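So the structure is just underneath, and the comments pick up after that.
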Amino acid sequence: MLYKAKITAVLFAFFSSIVGTYIFFDWHSDNKKLLDFARTIVHGNSVTGYDIEQLNDLIYHTGSFAKNNDYFLLPSLGPTPIQILQKGGDCSDKSRLLAAILDEMKISATLVMLAPCDGCPFGHTVVEAQAADGAIAVDPVYNISFPSSNGHYYGIKDLRDNSNILPARLDELILKRGSRDKVAFYRGGADGIHYSYPVTINWEKNFLTRSIGKFLMQYTDDASLVYRPRWLEDPKLLMSGVLGVISIFSFLVFLVTILLPHPKVITNR
């Protein structure tokens, strides 16, 4: 029995490490393609709000706006950033792509989910990033950013705390793009898009997330806007990490079976 446990642990550790390593290097190869895509318009190392605005425009014009039904390994994981780059996607898909690209450029970025009311289902997803000149909120499926009067950009907190920013920006864009542009329907959409209730992570999803959210509230000013870790939006990164953990755990199990004292066999004489 102990011998079978050793063999099983070794096989699990070996298989998961091989597959996890392959996925990790494949993910790294994808990241190079994402970076090459971004470098077609962003050339400097100091990425400003204007650079992110231009990158948002590029993603807006990349692929369709239909939900991307591709996935990596499991449908629940959704599409990888590369799959979105190839085909496009809806608000959550294109936001995932933009956030992944920015992270690869060493820019902190997060998806932000918007709801029409407190406790309502989330109806839209956008991105916030920390550029060299401050926070910037962008919408990659409506091609919207929010320039401020001081030459910088508004972030999610600004939009949440000042409800006048959004309608003023929409009026400006409608005047510039025309009343037939999709941005004209941003205000009165069925999902009631606005920024009064932005959330990066749904802490109310279950008991565990509620507990984590309450814990974070003790150490952060606003737990609802804590930046999401990239592995939540990148299936290959997530799976390589999961397989790495499985490999380490299996190896530890193997060590335990080696170090455990073997029972002595008592024979009757």
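The values are calculated or read from the model by the stated rules, or taken from the named source; none is laboratory data. Fair warning: this is a prediction, and the values are worked out from it, not measured in the lab. Because the Cβ atoms are built from the backbone with ideal geometry, glycine has one as well, and the counts that use them run over all protein chains shown.
I'd like to check something: does region 83-96 contain any residue that is of a type outside the set (Asp, Glu) and farther than 25 Å from Val183 by Cα? Within region 83-96 (the criterion being of a type outside the set (Asp, Glu) and farther than 25 Å from Val183 by Cα), the answer is yes, since at least one residue qualifies. Annotation note: Cβ proximity below 6 Å between a residue of region 218-244 that is farther than 19 Å from Ser17 by Cβ and a residue that is of a type in the set (Asp, Glu) and modelled with pLDDT of 85 or more (sequence gap 6+ or interchain) occurs for Arg230/Asp103.
Residue by residue, here is whether (1) acidic (Asp, Glu); (2) surrounded by 24 or more Cβ atoms within 10 Å (Cβ to Cβ) holds:
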{"residue": "Leu73", "(1), (2)": "no, no"}
{"residue": "Ser76", "(1), (2)": "no, no"}
{"residue": "Asp93", "(1), (2)": "yes, yes"}
{"residue": "Ala99", "(1), (2)": "no, yes"}
{"residue": "Lys106", "(1), (2)": "no, no"}
{"residue": "Met113", "(1), (2)": "no, no"}
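When region 84-97 is filtered for residues that are assigned to a helix (DSSP H, G or I) and either in contact (Cβ under 8 Å) with a residue 40 or more places away in the chain or in contact with a Phe, Trp or Tyr (Cβ under 7 Å, 6 or more places away or on another chain) (or both), the ones remaining, listed by number, are Leu85, Cys91, Lys94, Ser95, Arg96, Leu97.
When each of Ile136, Ile107 is tested for being farther than 26 Å from Lys236 by Cα and among the β-branched types (Val, Ile, Thr), the lone residue that passes is Ile136. From the list Pro121, Pro116, Pro140, Pro81, the one residue that fits, being closer than 16 Å to Ser224 by Cα and in contact (Cβ under 8 Å) with a residue 40 or more places away in the chain, is Pro116.
Residues are listed down the side, and each one gets a yes or a no for (1) outside any loop (DSSP other than H, G, I, E, B); (2) surrounded by 13 or more Cβ atoms within 10 Å (Cβ to Cβ):
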site	(1), (2)
Phe37	yes, yes
His43	no, no
Tyr50	yes, yes
Asn56	yes, yes
Asp70	no, yes
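Among the residues making up region 107-126, those that are of a type outside the set (Gly, Ala, Ser) and under 21 Å from Leu55 (Cα atoms) are Ile107, Thr110, Leu111, Val112, Met113, His124, Thr125, Val126.
For region 216-269, a tally of residues being closer than 30 Å to Tyr197 by Cα, at pLDDT below 85 and surrounded by 13 or more Cβ atoms within 10 Å (Cβ to Cβ) returns 7.
All of Gly213, Gly189 fail the test of being more than 23 Å from the chain's Cα centre (by Cα), at pLDDT below 85, surrounded by 13 or more Cβ atoms within 10 Å (Cβ to Cβ) and more than 22 Å from Phe24 (Cβ to Cβ), apart from Gly189. Checking Ser29, Ser64 one by one, the residue that is closer than 20 Å to Tyr142 by Cα, of a type in the set (Ser, Thr, Tyr) and surrounded by fewer than 19 Cβ atoms within 10 Å (Cβ to Cβ) is Ser64 and no other.
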